[in-house]
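Below you will find the structure I want to go over with you.
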Amino acid sequence: MKTWLDAWPVFRQLTGPDPLGRGRAARSKQTEQLTSRTATADRVVQSVCPYCAVGCGQRIYVEDEQIVQIEGDPDSPISRGRLCPKGSASKQLVTSPTRVTKVRYRRPYGTEWEDLDLDTAMEMIADRVLDARRKGWQDECEGKRVNRTMGVASLGGATLDNEENYLMKKLYSALGAIQIENQARI
């Protein structure tokens, strides 16, 4: 006959086959009914944490096209399944209701932000890059032909891999930029 003591986890731990309290003794009825967020996922996507230069591997669990969990990837030779606190909280980066999902623009000397459609914003960026290229263009420097612009430069982020930096180098070189650097670590 079960008594109130049998329901008490400490009693189960001390009298049962689980004296360290890491198995059956620590489980309750509510615990038995829980399902992990990863068990219901439709698919798992491998990714890299976006925060720093380390490039820790992540497994992103997706259910109904919504991210339900992000965990460290044990197959990653870099992080071996571990994530720092920022990496562990990266789900909030993409699922937060306060995440900005529109292009926001504040005009020069303006005090208010306005929403722009993506095509308008991309045209504005292209116009400004070409204008900076034109204004900073040099045909010659100290009597030597250089064909370059000093109005455009690039500093690639630390989480960009070699392939992404290669493509950026090609793009900026095609624009005539010579000030191109990156912090590739992976």
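Laboratory data are not the source of any read-out in this text; all were calculated from the coordinates shown. The model shown is predicted, which means the values in this text are computed figures rather than measured ones. For neighbour counting, all protein chains shown are included, and Cβ atoms are generated from backbone atoms with ideal geometry for every residue, glycine included.
What's the exposure ranking of 149, 98, 38, going from fewest to most Cβ atoms within 10 Å?
98, 38, 149
Taking only Cα atoms, what is the 0 to 90° angle, nearest 10, from helix 118-135's long axis to the longest principal axis of the chain?
On a 0 to 90 degree scale, this one is about 40.
Using only Cα atoms, find the angle between the long axis of helix 162-175 and the longest principal axis of the chain, and express it within 0 to 90 degrees, rounded to the nearest 10.
20 degrees
Please list, or write none, the lysines whose alpha carbon is within less than 23 Å of the alpha carbon of residue 135, excluding same-chain residues fewer than 8 places away.
144, 169, 170
Excluding same-chain residues fewer than 8 positions from residue 102, which lysines have a Cα within less than 26 Å of its Cα?
Hits, sequence-local ones excluded: 86, 91.
Related question: Students often check this: by mean Cβ neighbours within 10 Å, which of 117-129, 54-66, 158-170 ranks highest, and how do the rest follow?
Order by mean packing, descending: 54-66, 158-170, 117-129.
Right, something else. Under 16 Å Cα to Cα from residue 29, which aspartates and glutamates show up? Leave out anything in the same chain fewer than 8 places away.
Hits, sequence-local ones excluded: 6.
So what J values fall out for region 10-18 if you push phi through Karplus, 6.51 cos²θ - 1.76 cosθ + 1.60 with θ = phi - 60°, rounded to Hz, Gly and Pro as x?
So the J values, rounded to whole Hz, are 5, 5, 4, 5, 6, 9, x, x, 10.
Sticking with this one: Quote the relative contact order of region 14-63 in percent (integer), defining contacts as alpha-carbon pairs under 8 Å separated by 6+ residues.
This gives 28 percent for region 14-63.
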